[in-house]
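Single-structure report; data block below.
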Amino acid sequence: MKLSRLFLCIHRVLGLVLSILFLVWFLSGMVMMYRTYPSVSEQQRMAHAERIIMCDAISPPKMPQGLSALSLQQVAGRPIFLMSTAEGESQVDALAGKPIESFLPEQMESIAARWSSAAPILKDTLNEIDIWLIGAMPFKEFPVYHYSLNDREGSELYLSSRTGQALQLTNRESRFWAWVGAIPHWIYITKLRATGRQPWTDTVLWLSGFGILMVICGIIVGLHSMWKARKRKGAGLSLYVKPLFRWHHLFGLFFGLFVLTWIFSGFMSLADAPQLLWPVHKEHSARQLYADSLKVDHYRLDINHVLAADDVRRVEWMEIGKHPYYRVWTANDEYLLDASDTVLHRVELNEADCRKAVQQVHEASERVNAMMMNNYDNYYISQKRAMPLPVCKVTVEDADRSTYYINPRTGDCRYFNNNRRAGKWMYTGLHALNLPFFVAHPMLRLAIMWVLMLGGTIVSVTGLLLTIRYLRRKINKR
């Protein structure tokens with residue numbers, strides 16, 4: 001068999017299987033430029049959370065060994081400590097000092113009522129995942145209480161019985177757009193996610209991998225056909241006379257590279273950049289900036305002073321660079337308090353604070369530089385400008401070119417090394433044109449995305465029609 005014939009055979013066989021999937025991906029991708037899968041933001045959670053009532057009896061309980069996280073919230077009228085260790089998470093009533101395994105149905109109803117102006121209606125008590133819980137990964141939260149909020153928008157709320165936290169919030173509109181956008185685009189099938197993430201990840205990677213092979217073979221076949229057409233006088237760019245074949249060939253030539261980069265970048269959304277090309281010399285992460293084991297006795301600022309000073313909905317104990325802070329959420333704000341002082345005052349991290357925190361997790365010989373950044377760069381970037389500015393960018397002169405982006409108001413951190421930078425280019429750079437130039441020129445990005453998506457759709461539609469014709473011919477022969 002000639003090599004060109006082999007590529008054509010591979011392209012045709014894979015096209016029989018994947019042509020519908022590619023069309024669904026492009027059509028749903030158009031929707032996802034505007035609307036995505038619904039989720040509950042932290043701002044929404046805090047807006048509907050209870051204010052923590054100051055009480056002299058509130059004090060951190062006896063801390064377990066290796067305490068890595070500690071926070072305080074008011075749930076169903078009681079202040080609750082949530083603690084994390086290597087063994088898992090636990091909850092303790094801040095007043096009674098007793099552990100809490102889960103909340104009672106009547107308590108869950110009072111939590112749901114904070115999200116609705118009308119009386120919420122319990123629709124179901126879930127012990128397994130449904131289509132709207134896929135993104136929440138709620139396996140340790142069962143049973144999950146599913147409420148209708150009884151409003152004009154048809155809002156539905158999912159609450160964890162373990163923590164009382166909102167896992168999902170949808171309405172009639174967001175559900176509709178998810179069904180025609182994110183759900184088919186991400187192949188969100190409950191059976192694939194019923195036991196965890198891995199079966200779904202493997203399925204998407206295999207489908208994307210076969211899609212990459214199909215497109216590469218198609219490009220090779222298209223270029224070979226064009227070369228043969230150029231040798232034939234008067235043939236133009238395509239040998240094909242029948243309109244459908246000709247359209248698929250020509251649009252495949254013009255948009256084939258885009259289709260290839262798009263399916264490849266979709267593959268990279270679930271895969272890591274190959275370490276053979278971008279090796280990781282030493283494992284670092286944003287988590288290393290925070291203490292592995294909290295030392296609660298270092299927090300000199302009384303927690304009740306914090307609660308008395310503001311409309312506090314959540315407090316988190318955190319140590320950045322071995323310095324203790326309270327991270328405080330109100331209904332519409334988030335900030336840091338210096339917990340090493342008995343006097344209450346807000347703080348923002350400066351370059352020296354961030355540099356010191358990073359230096360403590362790197363070798364003394366590795367030079368660390370810090371600067372405040374007021375504009376997005378290639379890696380700290382958001383098309384919707386959701387990521388806050390300014391941000392402190394800390395770079396390390398090590399083999400991985402480690403870079404940390406630290407929010408000075410909240411202590412949040414994002415970490416990149418050479419491998420992660422390559423992965424970001426291969427995913428969001430190629431898949432969504434998530435680059436500073438296009439953030440500054442959103443209408444230009446939108447126009448380019450529409451042209452490319454429409455081109456890919458035409459390639460998929462013509463490929464699907466050719467597949468149907470091919471199958472019809474085979475059936476008629478039999």
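For this structure, a couple of remarks:
- Residue-by-residue Karplus 3J(HN,Hα) for the range 166-176, coefficients 6.51, -1.76, 1.60, Hz, glycine and proline x: 6, 9, 7, 9, 10, 9, 4, 5, 5, 5, 4
- Degrees between helix 3-32 axis and first principal axis of the chain (Cα, 0 to 90, nearest 10): 40
- HN-Hα J in Hz across the range 366-379 - Karplus 6.51, -1.76, 1.60, θ = phi - 60°, x for Gly and Pro: 8, 6, 10, 10, 9, 8, 7, 10, 9, 9, 5, 10, 5, 10
- Across the alpha-carbon atoms of the range 128-198, the computed radius of gyration and Dmax are 12.4, 38 angstrom.
- Distant-in-sequence amide H partners of Ile320 (H built 1.01 Å from N, under 5 Å): Tyr325
- For the range 272-285, Karplus couplings with θ = phi - 60° (6.51, -1.76, 1.60), whole Hz, Gly/Pro x: 8, 4, x, 6, 4, 8, 10, x, 9, 7, 8, 6, 10, 7
- Rounded tilt (10° steps) of 243-268 against the dominant C-alpha axis of the chain: 30
- Among the listed pairs Lys295/Lys393; Lys282/Lys424; Lys242/Lys474, those with a Cα-Cα distance over 23 Å are Lys295/Lys393.
- Taking amide H as placed 1.01 Å from N in the peptide plane, Ser161 has its amide H under 5 Å from the amide H of Tyr145, each at least 5 places away in sequence or on another chain.
- Taking amide H as placed 1.01 Å from N in the peptide plane, the amide H of Asp412 sits under 5 Å from that of Asn407, each at least 5 places away or on another chain.
- Per residue Cα convex hull volume in Å³ - calculated over the chain: 198
- Heavy-atom accessible area per residue - the chain, 1.4 Å, Å²: 52
- Carbon plus sulfur fraction of accessible area for the chain, probe 1.4 Å, in percent: 58
- The mean sequence separation of alpha-carbon pairs under 8 Å and at least six residues apart, normalised by the residue count of the chain, gives a relative contact order of 17 percent.
The values are calculated or read from the model by the stated rules, or taken from the named source; none is laboratory data. Keep in mind that this is a model prediction, so the values were computed, not measured. Accessible surface areas use protein heavy atoms only, side chains included; no ligands, DNA or RNA. Shrake-Rupley method; radii C 1.70, N 1.55, O 1.52, S 1.80 Å.
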